[in-house]
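Shown next, in structure tokens, is the structure this report addresses.
The values are calculated or read from the model by the stated rules, or taken from the named source; none is laboratory data. In this text the structure is predicted, and so the values were computed from the model without any measurement. No Cβ is skipped: glycine too gets one built from the backbone with ideal geometry, and neighbour counts run over all protein chains shown. Keep in mind that these areas ignore ligands, DNA and RNA; they rest on the heavy atoms of the full protein, side chains included. Shrake-Rupley method; radii C 1.70, N 1.55, O 1.52, S 1.80 Å.
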Amino acid sequence: EMVIKESNYMPGAKMILKMLKNEGHELIVITARGGINQNIVETTKQRLEQDKMINLFDKYFFAVRDKAAVCKDNSIDIMIDDSNHNCKNTSESCIKTIYFKDAPSYNMEENQYLKVLYNWGEIYRYIKELEK
């Protein structure tokens, strides 16, 4: 809980999420948070409220084990995640997936459903390119 309360957002995250929301994108949070410790859900919501980001998101799914299933059930066009496991599963489910790789970690081979990107600026440009 302390990490959620005190950690910083990735550079550019707030700005890009606000831009995408203002451009009409639906933003959905799908997270495993709350699966083990239910207090994490409230802590996360409080942090987003404090940072005036709670209303950026249209839906929240907490304690999710199978993100690919939630993506399919909610017709998610693009999933962004920093877990290679989640990215592998969603991309194999034919959902466009961005592996947000912000540190040395697993290498994944890109394909028509999987793109490896390293910062929010790249994510924004990729989403804009997909819209063309």
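Share of carbon and sulfur in the accessible area of the chain stands at 48%, probe radius 1.4 Å. Close amide H pairs (under 5 Å, H built 1.01 Å from N) link T97 with M79, L114, K115, residues at least 5 positions away or on another chain. From the alpha carbon centroid of the range 71-88 to that of the range 42-66 is 17 Å. Entry comment: accessible area of the range 34-132 is 62 Å² per residue, from protein heavy atoms only and a probe of 1.4 Å. Computed with a 1.4 Å probe on the full set of protein chains, the accessible area for M19 sits at about 70 Å².
With contacts taken as Cα pairs under 8 Å and at least 6 residues apart, the chain reaches a relative contact order of 22 percent. When the Gaussian network model of the chain links Cα atoms closer than 10 Å, the mean-square fluctuations of I54, I80, I30 top out at I54. Taking packing as the residue-averaged number of other Cβ atoms within 10 angstrom, the listed peptides 93-102, 116-125, 5-14 run from highest to lowest as 93-102, 116-125, 5-14. Taking amide H positions as modeled 1.01 Å from N, with prolines and chain starts lacking one, no residue 5 or more places away or on another chain lies under 5 Å from N74. Ordered by 1.4 Å accessible area with all protein chains kept, S105, S91 run largest first as S105, S91. How many percent of the alpha carbon pairs in the range 59-132 exceed a separation of 20 Å? Everything past 20 Å amounts to 27 percent.
Residue by residue, the range 62-73 carries 3J(HN,Hα) couplings of 9, 6, 8, 9, 10, 5, 4, 5, 5, 4, 5, 5 Hz when phi is fed to the Karplus relation 6.51 cos²θ - 1.76 cosθ + 1.60 (θ = phi - 60°); x denotes Gly or Pro.
Convex hull volume of the C-alpha atoms in the range 26-73, normalised per residue: 58 Å³. Three semi-axes describe the equivalent ellipsoid of the range 52-100; taken as square roots of 5 times the Cα gyration tensor eigenvalues and ordered largest first, they are 19, 12, 11 Å. Each DSSP beta bridge with both residues in the chain is either parallel or antiparallel, and the antiparallel ones are about 10%. Normalised by residue count, the chain yields a Cα convex hull volume of 115 Å³ per residue.
Note on K21 and E6: their simple-model spin labels are 2.7 nm apart, each label 7 Å out from Cα toward Cβ.
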